Amino acid sequence: MSTPPPQRSPATQPYLLPLPPQKKSRVGVVLGVVGGVMALLFVAWAAVMVSMVSEVGTDGDFPEARYRLTLPKTLLGGDYKLEQDFSDSPQDSFERHAESALGGLDVQAAVAIYTPSDRGGQLNVSGVYGRFKNVDDARDTMLKDAADPDGVSITRAPRDFRPSGSDVTVTCQVVTNEDLNVRVIMPMCAWNDGNTGALIGEIDPAVSFEDASDVDLASLAERTLRIRTELRQPIS
């Protein structure tokens, strides 16, 4: 029996997940590549965050920490199941960079891949929790950096949503990745409420090749808020 290869943490992995077997279609290969870029998005962020400096402020300028992010085994009534939790992998280096880039204190990561229970694709949760002084800037930075990796571009500009009954703004955009002559669109939404923030992006083979203008961002914003409700828990 051959010895399995050693496992590497996302902090040392390349941005791309392993390609599917050759017998799969080119579409499957592209989805695997794109999914890898998004699932390990925080790794790419670390390089960007090194050059950014947070605003000067005292501890009193930041909100009290009342909420944190958790990663439950399932989301949205069991529609998605937890595939892999990367939260412990970035460790201190990522969290220090996140504090600088997002203007936060006491930042911790909540990063995971969820997979649909009844179809292909994946839902990526790239989250942080701690104490954030400027929620609008933190939210905008998450979306801006999501389009930073090579080959990824914004095809629908960020748009703010405040669904009925919501106490937080959700901003959504659509980015596109082109590889192997196949164009894949990736809708994503972000929030930051002073204690928690996350970028939620989904790779769905059923919609990944449609025109970006056809994506219902308002519905995506509402679903992001449902995900936020399940991830965000009070600190006991």
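The values are calculated or read from the model by the stated rules, or taken from the named source; none is laboratory data. A quick note: this is a predicted structure, and the numbers were derived from the prediction, not measured. Quick reminder, even Gly has a Cβ in these numbers, built from the backbone with ideal geometry, and neighbours come from all protein chains shown. Please note that ligands, DNA and RNA were not included when accessible areas were found on the heavy atoms of the full protein model with its side chains. Shrake-Rupley method; radii C 1.70, N 1.55, O 1.52, S 1.80 Å.
How many percent of the accessible area of the range 75-231 is carbon or sulfur, using a 1.4 Å probe?
40 percent
Please report, for the Cα atoms of the range 143-188, the Rg to one decimal and the Dmax as a whole number; what are they, in angstrom?
12.9, 43
Would you please put 107-119, 195-207, 161-173 in order of how densely packed they are, using the mean number of other Cβ atoms within 10 angstrom per residue and starting with the highest?
Going from most to least packed, we get 195-207, 107-119, 161-173.
Within straight cross-link reach of Lys73, meaning Cα distance under 18 Å, which aspartates and glutamates are found once same-chain residues fewer than 8 apart are removed?
Excluding near neighbours in sequence, the set is Glu83, Asp85, Asp88, Asp118, Glu202, Glu230.
Arrange the peptides 132-145, 74-87, 216-229 so that the one whose residues have, on average, the most other Cβ atoms within 10 Å appears first.
Going from most to least packed, we get 132-145, 216-229, 74-87.
Cα gyration tensor of the range 104-169, axes a ≥ b ≥ c as square roots of the eigenvalues: rounded (a/c below 1.5), prolate (a/b > b/c) or oblate?
The shape class here is rounded.
When a/c reaches 1.5 or more, the comparison of a/b and b/c decides; with that in mind, is the range 113-236 rounded, prolate or oblate per its Cα gyration tensor? Spell out each step's value before the answer.
Working: a/c = 1.78, a/b = 1.53, b/c = 1.16.
Verdict is prolate for the range 113-236.
Enumerate the calculated ³J(HN,Hα) couplings along the range 226-236 in order (Karplus 6.51 cos²θ - 1.76 cosθ + 1.60, θ = phi - 60°), each rounded to whole Hz, writing x wherever the residue is Gly or Pro.
Computed from phi, the couplings for the range 226-236 are 5, 5, 4, 4, 7, 7, 7, 10, x, 7, 7 Hz.
If you add up the charges near Gly121, with Lys and Arg at +1 and Asp and Glu at -1, over every other residue whose beta carbon is less than 13 angstrom from its beta carbon, what do you get? Walk me through the numbers on the way to the answer.
Numbers: positive: Lys81, Arg119; negative: Asp79, Glu83, Asp118, Glu202, Asp204.
Its environment carries a net charge of -3.
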